[in-house]
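This report refers to the structure that appears directly beneath it.
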Amino acid sequence: PRLYRKWREIDPALTFEQHIHNVFGPPIRALQQDDEGSALRQLALRLVSFDSVDDESAPDDMLQQHDAPAPCYSTYLWHMHEGVRNFDKARRRCCTRCAPCTLRPHCGESGPLHHLYSAFLLADAINHGIQLVRCPAMMYAFYLARVGVSVSVISNDALFLRMRNHPLGEMVAAG
């Protein structure tokens, strides 16, 4: 989850590395233990995806300094991508029949277009993606590469975009 900024308000000493470790470390450790009855291990074996719930419209400095309060979206997404891959490797060591775990971040709902570019390179699918209609070439790239896009019309209606103006029809028509 892309909530590092909020956690850092609670604990100013928390580093971004610690935050990512707090997300992926416990399920990876649970998979490495032999306790078959562990609730966390059972959950880790059943996980199918990680999301990055966040406020995508928060300011995002691509040229951030090392001491910035939080990494930019693209950096965060890369670390999430690596965390999911490491988690998946640990899971496959103890369960060869498990489906791969995927990264499906919140992306393209209210943030700038460069979030979609990063997700295209790093994510297996995205949640929301209504901003794709602003960039037909990127929408076509998602289509060609079969990067899934889930759209939450009711959520979008409540938060960002009235249902009558929703681009779902246009997205479906484009493929």
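The values are calculated or read from the model by the stated rules, or taken from the named source; none is laboratory data. Being a predicted model, the structure only gives us computed values, none of them experimental. Ideal geometry is used to build each Cβ from the backbone, glycine not excepted, and the neighbour counts take in all protein chains shown. Just the protein is used for accessible areas: all its heavy atoms, side chains included, with ligands, DNA and RNA removed. Shrake-Rupley method; radii C 1.70, N 1.55, O 1.52, S 1.80 Å.
Is it true that Leu161 is more than 22 Å from Phe50 (Cβ to Cβ), more than 20 Å from the chain's Cα centre (by Cα) and either at pLDDT below 70 or open to solvent by less than 30 Å² (accessible area, probe 1.4 Å) (or both)? When the stated conditions are applied, Leu161 passes them. Taking the range 115-149 as the search range and keeping residues that are open to solvent by 20 Å² or more (accessible area, probe 1.4 Å) and of a type in the set (Phe, Trp, Tyr), which one is farthest from the chain's Cα centre (by Cα)? Looking at the filtered set, the residue picked out is Tyr140. Among the criteria (1) over 19 Å from Phe50 (Cα atoms); (2) in contact with a Leu (Cβ under 7 Å, 6 or more places away or on another chain); (3) modelled with pLDDT of 90 or more, the one Leu116 does not fulfil is (1). Just checking, does the range 4-24 include any residue being at positive phi and either among the hydroxyl-bearing types (Ser, Thr, Tyr) or touching an Asp or Glu at 6+ places or on another chain (Cβ under 9 Å) (or both)? No: the range 4-24 contains no residue that is at positive phi and either among the hydroxyl-bearing types (Ser, Thr, Tyr) or touching an Asp or Glu at 6+ places or on another chain (Cβ under 9 Å) (or both).
If you go through the range 69-84 and pick out every residue that is open to solvent by 10 Å² or more (accessible area, probe 1.4 Å) and touching a Ser or Thr at 6+ places or on another chain (Cβ under 8 Å), you end up with 2.
Residue-wise test of (1) at pLDDT below 90; (2) part of a loop (DSSP other than H, G, I, E, B); (3) charged (D, E, K, R); (4) open to solvent by less than 80 Å² (accessible area, probe 1.4 Å).
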position	(1), (2), (3), (4)
Ile20	no, no, no, yes
Phe24	no, no, no, yes
Asp35	yes, yes, yes, no
Leu40	no, no, no, yes
Asp60	yes, yes, yes, yes
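Residues in the range 85-114 that are touching a strand residue (DSSP E or B) at 6+ places or on another chain (Cβ under 6 Å) and either open to solvent by 60 Å² or more (accessible area, probe 1.4 Å) or without any contact (Cβ under 8 Å) to a residue 60 or more places away in the chain (or both): Thr102, Leu103, Arg104, Cys107, Gly108, Glu109.
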